[in-house]
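The values are calculated or read from the model by the stated rules, or taken from the named source; none is laboratory data. If you're wondering where the values come from, they're calculated on a predicted model, not measured in any experiment. Here the Cβ positions follow ideal geometry from the backbone for every residue, glycine too, while neighbour counts run over all protein chains shown.
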C-alpha cells in the first residue's frame, strides 16, 4: 500500500490500493492539485465511481488516446495518469453521475489486473520534483510563465479577472506549473505531453512554448480585429457577415466551407492513392482553400475534388471463387448459352488459381522473413496486407462481346455474370451515342463540364472491378462532335486501359480489372480496330425446344408475377407454347414470345378481376381463342408442280429467315431482269449464276439457243424488304437451272452458299440462325458447302435430328442433289428457230 497525503491538507494518510481502479476520461487531463468536475455515463465507470465513493475514494484518472472509443481497452489509454480523490458525487436526473475530484500525484500503469466489472491496474507512483526551482534559471522560468499568463489574460477578454487574483496567490512553483497546464488552451494530446514531463523544469519549458504560441495567436487576432474596425468597406463588410454566418452555421450544425474541406481531407486520407495522384489532389485542395466561396470557379473545383474522393481508387470487391455456385447461378438464370457460361467459368478458374498462388507466395515470403529474423516493420507490414487485400488478382479482365440477334438474353446475361462473380453491376447504353465526350468526358474549363459515362458509372458502383455492360456497341454513331468508337479503343484495350485518362478527371485511372461485356446485333458496323480488341462470343438463336424450356422456367413465372397471378391461377401446356412459337412469332430470341405470353396472362388477369370463369390450364385449342388467328404458317411449302422455285436461307440482324427465289422465262432476246430490292452483291451472284449456266449448258442438257431467244426474270418475294449478300449464290443457280431444264426442285429442300464463276461453292456465315429458320419452316433437307460442316457439328444434335444435310463443293453436286430427274407435269414448251445446216466453215 502506498501512502497519500490528505486532500484536506491535514496529516491524515490515504493509501493507493494495490489494484488501483482506473477511470478512462475523454477531453480531460487531470494534473496534481487540480480540482475538476467529471461527468460519468458509461456503465463500467458508474460501477467504479460508486464502489470507490463508498470506500477510500481513491481512483486513477487516465485520458483516452482514442477519444472516439465508447468502450476503451487498455490499448486505447495513455500509460501515465493522475491519482485522484473523489471530493463529492452528484447523481443527475438522466442517470449520469458527476464527481468532483482532486488530483494528487502522477502514476504510470504497470500491469492491468482486471477489465470487468471495471478496469484496475498495478501502478507506479511518480513524485513531483522541481530541481532548480530555487536557482536563478528556475526563478526566471517561473517569472516568464507568469508574464505569459498575464499577457494571455490581457489579450483574451473572455477569461474572468478572478483568474489573475488566483494566479497572484500561487506560491508553489510546481503548483503554478500544474495550474497553468490544466487551464491552457490546448488539446488533450498536448496536455498529456505536459503531464508526461515528470520533471518540473521540463514541464515548465514545454508549457512556456504552448503559452507563447497562444500569445502570438491572440496578438494576431487582436491585430486583425483592430484593422477590421478601422474602415469597413463593402468587401470587408461582406467578409465580416460571412464570418458571422459561418458561426451561425456551426451552431446550427450546417455544412460550412471549412467543414466540407475537413471532410474531404478526411476522406482523402483513407484513399489508396499513388504519390502523383495524392500530390495532384493536395494541389487542387490548396487551390480550393485559397478561393473565395462566392467565386464562380469555387463550385467547379469543389465538384472536381468530390469526384476524386468518391472514385474507388484501387478498391476491389472480393470475387467469389465457388465455381459450382457460379455455374448454378448461370444455369438457373439462362437456358443454353453454353459458350458464354464456359468462358465465364474459365475466367473464374484462372482468377482462383492465381489468387491461390499469390497467397502461397505471400505465406512463403512471410515465413522466410520470420526464419531470417528480418520481419518488416509495422508500416511495411500494413502496406503488404493492404496490397494483398485490395488487389488479390493481377490478371487483366477480358473484353467480351456477346454477338447475336435481339431477345436472346445478351444484356440480362451480364447481370447474372455479376451475381456469379460477386461483383458490382453497371450498364451503359451506347445506342445513338455520337459525342466523344460521353466516353472521355469534357475538359474542366468548359461550362457544364462533367466526367464521361465510364467514370460516372465506376463512381456509382463504388468498386474498381465491376461487371460493366456496354449495351448495343454496334449502334454507336459519329458526327462533328467526334467518334465515340475511337474513344472506346483505349477503354477496351487491355494493354492501355490500366492508364485510362478521362478529360475531366485528367489523371490516370485503372480500368484493367473491370470486366467489360459488350453486346451487339451486328459486327459489320463495329469499328474494325474496336472489334479486334474484343473476344467475340457468338450467341445464336433458340430452337423451338429451347424456347419451350425458357417459357416454362422463366417467361411464364415472370409474367404471372408481374400481373399479380399465383401459380395455381394459370398453367400453360408445352404444346400451347409450341403453338405460340410457331404460329405467332418468327424470331431468334424470345422477346416476342414473352409479349404473347404477357397478352395471354392479361386476359386471364381480367377474367380473375371480373370474377369470370376461365380455363386455368391453357392448351393449344385455347391459344387461338386468347391471341386470335395465327400470324405465321409453320409450313410455307406447297406441292406446286412448277420449276424455277427454290428455297434459300438468309441471315438478318433479327435471326435467320427462309428466302424464296423464283425464276421464269418469256419470249425475248435473252435479257436478264432482277427484282425484289436486291443489293449489288446479290445482283452479281445472279449474273455469275447465269454465266455459269451458259458456259455449262451442254453438261446440263440445255439448248444454247434458249439464252438468246428467251428473257430470264429472277424475283425474290417480299419486294419491299431490301436483300443483299453472297449466300444466295447456289440458290440462284439452282433456280435458273430448274427453269432452263424444266426439272423440279426436290420438295422441303433449302440451301445456302456462295458460288464462283468456275462453279465452286464457298462457305457462308450465320449457319445456326439459318438452320433454326429452316427448322421452324418445316424444311427437311439442307445443302451446304463442305467447309460449313464444322458449324453443324457445334449445334446440339437434339435440335437437328429431323434434318438431313448435304455437303457440296461444286455447283454440279448441288444440282445433282437439288433437281429431280423427271420433268414437271406441265413443262414449258420452248419454241426455237430451226438450226440451218452448216455449208461452210471457217478455220
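Structural remarks
Residues are listed down the side, and each one gets a yes or a no for (1) in contact with a helix residue (DSSP H, G or I) (Cβ under 8 Å, 6 or more places away or on another chain); (2) part of a helix (DSSP H, G or I); (3) touching a residue at least 24 places away in the same chain (Cβ under 8 Å); (4) surrounded by 14 or more Cβ atoms within 10 Å (Cβ to Cβ):
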{"site": "283", "(1), (2), (3), (4)": "no, yes, no, no"}
{"site": "306", "(1), (2), (3), (4)": "yes, yes, yes, yes"}
{"site": "314", "(1), (2), (3), (4)": "yes, no, yes, yes"}
{"site": "358", "(1), (2), (3), (4)": "yes, yes, yes, yes"}
{"site": "361", "(1), (2), (3), (4)": "no, yes, no, no"}
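- Per-region count, the stretch 110-120, residues closer than 23 Å to residue 39 by Cβ and either touching a helix residue (DSSP H, G or I) at 6+ places or on another chain (Cβ under 6 Å) or modelled with pLDDT of 90 or more (or both): 4
- Here 195, 145 are screened, and the one residue that is touching a residue at least 12 places away in the same chain (Cβ under 8 Å), outside the structural domain of residue 107 (by TED's automatic domain parsing) and more than 59 Å from the chain's Cα centre (by Cα) is 145.
- In the stretch 691-747, residue farthest from the chain's Cα centre (by Cα) [restricted to those that are in a strand (DSSP E or B) and in contact (Cβ under 8 Å) with a residue 60 or more places away in the chain]: 710
- Candidate set: the stretch 742-761, residues that are out of contact with any strand residue (DSSP E or B) (no Cβ under 7 Å at 6 or more places or on another chain) and modelled with pLDDT of 90 or more; chosen: the one nearest to residue 690 (Cα to Cα): 757
- Every test in (1) surrounded by 14 or more Cβ atoms within 10 Å (Cβ to Cβ); (2) not in a loop (DSSP other than H, G, I, E, B) is passed by residue 670 save one, and that test is (2).
- Inside the stretch 762-808, residues that are within 18 Å of residue 728 (Cβ to Cβ), part of a loop (DSSP other than H, G, I, E, B) and at pLDDT 85 or above make up a count of 4.
- Qualifying residue in the stretch 46-55 (condition: surrounded by 13 or more Cβ atoms within 10 Å (Cβ to Cβ), assigned to a loop (DSSP other than H, G, I, E, B) and modelled with pLDDT under 90): no
- Residue count, the stretch 162-186 (criterion: without any contact (Cβ under 8 Å) to a residue 40 or more places away in the chain and more than 60 Å from the chain's Cα centre (by Cα)): 12
- Residue ranges of helices (runs of 4 or more DSSP H) in the stretch 422-540 with at least 2 members under 24 Å from residue 326 (Cβ atoms): 453-461
- From 455, 439, residue being in the same structural domain as residue 473 (by TED's automatic domain parsing), more than 23 Å from residue 351 (Cα to Cα) and out of contact with any strand residue (DSSP E or B) (no Cβ under 8 Å at 6 or more places or on another chain): 439
- Tally of residues being surrounded by 15 or more Cβ atoms within 10 Å (Cβ to Cβ) and in a helix (DSSP H, G or I) across the stretch 559-573: 3
- Apart from one condition, residue 4 fits all of (1) buried (at least 17 other Cβ atoms within 10 Å of the Cβ); (2) outside any loop (DSSP other than H, G, I, E, B); (3) modelled with pLDDT of 90 or more; the exception is (3).
- Take the conditions (1) surrounded by fewer than 15 Cβ atoms within 10 Å (Cβ to Cβ); (2) within 59 Å of the chain's Cα centre (by Cα); (3) at pLDDT below 85; residue 124 misses just one of them, which is (3).
- Within the stretch 585-595, the set of residues being assigned to a helix (DSSP H, G or I) and either at pLDDT below 85 or crowded, with 21+ Cβ neighbours inside 10 Å (or both) comprises 593 only.
- Taken as a whole, the structure places residue 750 among residues that are surrounded by 19 or more Cβ atoms within 10 Å (Cβ to Cβ) and assigned to a strand (DSSP E or B).
- Looking across the stretch 771-815, just one residue is closer than 16 Å to residue 756 by Cα, touching a helix residue (DSSP H, G or I) at 6+ places or on another chain (Cβ under 7 Å) and surrounded by fewer than 16 Cβ atoms within 10 Å (Cβ to Cβ), and that is 809.
- Residue 206 vs. criteria farther than 16 Å from residue 106 by Cβ, assigned to a helix (DSSP H, G or I) and in contact (Cβ under 8 Å) with a residue 12 or more places away in the chain: no
- Members of the stretch 419-432 found to be surrounded by 22 or more Cβ atoms within 10 Å (Cβ to Cβ) and within 15 Å of residue 476 (Cβ to Cβ), listed by number: 430
- Filter result for residue 722 (at pLDDT 90 or above, closer than 29 Å to residue 539 by Cβ and surrounded by fewer than 24 Cβ atoms within 10 Å (Cβ to Cβ)): no
- Being in a strand (DSSP E or B) and either modelled with pLDDT under 90 or surrounded by fewer than 14 Cβ atoms within 10 Å (Cβ to Cβ) (or both) holds for only one residue in 90, 101, and it is 90.
- Odd one out for residue 339, checked against (1) touching a residue at least 12 places away in the same chain (Cβ under 8 Å); (2) assigned to a helix (DSSP H, G or I); (3) within 30 Å of residue 796 (Cα to Cα); (4) within 23 Å of the chain's Cα centre (by Cα): (4)
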